[in-house]
1. Hey, can you tell me all the residues within the range A:23-39 that are more than 18 Å from B:ASP28 (Cβ to Cβ) and either among the basic types (Lys, Arg) or open to solvent by 100 Å² or more (accessible area, probe 1.4 Å) (or both)?
2. Restricting to the range B:136-158, what's the tally of residues that are open to solvent by less than 20 Å² (accessible area, probe 1.4 Å) and assigned to a loop (DSSP other than H, G, I, E, B)?
3. Only one of (1) over 19 Å from A:SER16 (Cα atoms); (2) assigned to a helix (DSSP H, G or I); (3) within 10 Å of chain A (Cβ to nearest Cβ); (4) at pLDDT below 90 is not met by B:GLU3, so which one is it?
4. Being more than 13 Å from the chain's Cα centre (by Cα) and closer than 23 Å to A:ILE31 by Cα narrows it down to one of B:LEU8, B:LEU57, B:LEU65, so name that one.
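The values are calculated or read from the model by the stated rules, or taken from the named source; none is laboratory data. What you see is a predicted model, and the numbers here were worked out from it, not measured in a lab. When we count neighbours, we look across all protein chains shown, and the Cβ atoms used for this are built from the backbone with ideal geometry, even at glycine. Each accessible area value is taken on the protein alone, full model and side chains, heavy atoms only, with ligands, DNA and RNA left out. Shrake-Rupley method; radii C 1.70, N 1.55, O 1.52, S 1.80 Å.
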Amino acid sequence: MIHKKQGHQQSIPERSASALDKSIEDLSPEICDRLEAARKIAIDSQSETKQKNKVYTWFNSLSPTALKPLSAGLAFSFCLVVFWAMLPPSTSQKTLNMTSSPDLSAFILFNTLDETERDIIEDIEFAYWLAQELGTEDHFDTQPSDTNRNG
Amino acid sequence: MRELDIFLKGIEKRAFRIAQLATHCEADSLDIVQDTMIKLVTNYQQRTPEEWHPLFLKILENKILDWHRKQKVKNKLFFWKKDWRKGSQITNEQSDLKPEAVDHQINPESQLFSEQLGQHLLECVESLPLKQQQCFVLRSWEGLSIKETAEVMKINENSVKTHYARALGKLQQAQQTIEDR
């Protein structure tokens, strides 16, 4: 029963820790070698990272002076190209076609004129309309009189 | 550079043992330790040497968690295969862990019992749930405080206390069992 009492002298965490320490001491030499190799690989990766960082810093040093405006310019020109490509094809031809229509050409012409010119045109149109109206009235008036005369 | 090498040399075996406890696989444990070392060297070499220890443990714990996640997916995909715990190298580990050195100044019988108890406790630690195991190892072996353990494990301090208490309870039960034999 003595050994049981001695077993209680150490607490469970302490006993576990000492058992774990002992297990480390008993690791096979093969595992120790592999761990050493892993450590060397990790340390070597440090130099590789340094080289990568050098390239990265060189790229970064370029970017504020030359690369950023260049990339911005490229982006802007790309946007312009996209905008131009999205525009409806041959706008000038379309306007020509529009002007070929008589109503539209009249509308465009009317919009380009001054107020006085518009008044003149309206007066001419009114006079033309009045002449037409009078002509038709004469025609209606003359028809029965002619029949009376004939009759 | 030299300091980092010394630090890694000092911690590599402990890290391997922690990974081995969690994964039960020698090869995977070595991979985890190597990945941890590489990450520490590449990302945190500029930090002060005092910061390396908690950072290293944090990376290690994350790698172990990643390994478990991958293993979970693998087990789901290849469900007809053996479970990773069953196919692990527990028997080999146990044979590796057998104590060789015996201090003859102490009573040999009690020494043997103590070693057996330690061995049994170690097996129990291996069989603990991952969180409890990590918590117990970090607290009792790595000597981290509750706050540090919580930071490494990314859980709150109360959870650390709970996990640790549960782990301790299970280990006490295991100790009681071996004492009653």
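1. Across the range A:23-39, the qualifying residue is only A:GLU25.
2. The number of residues fulfilling the criteria is 1.
3. It fails just one condition, (3).
4. B:LEU8
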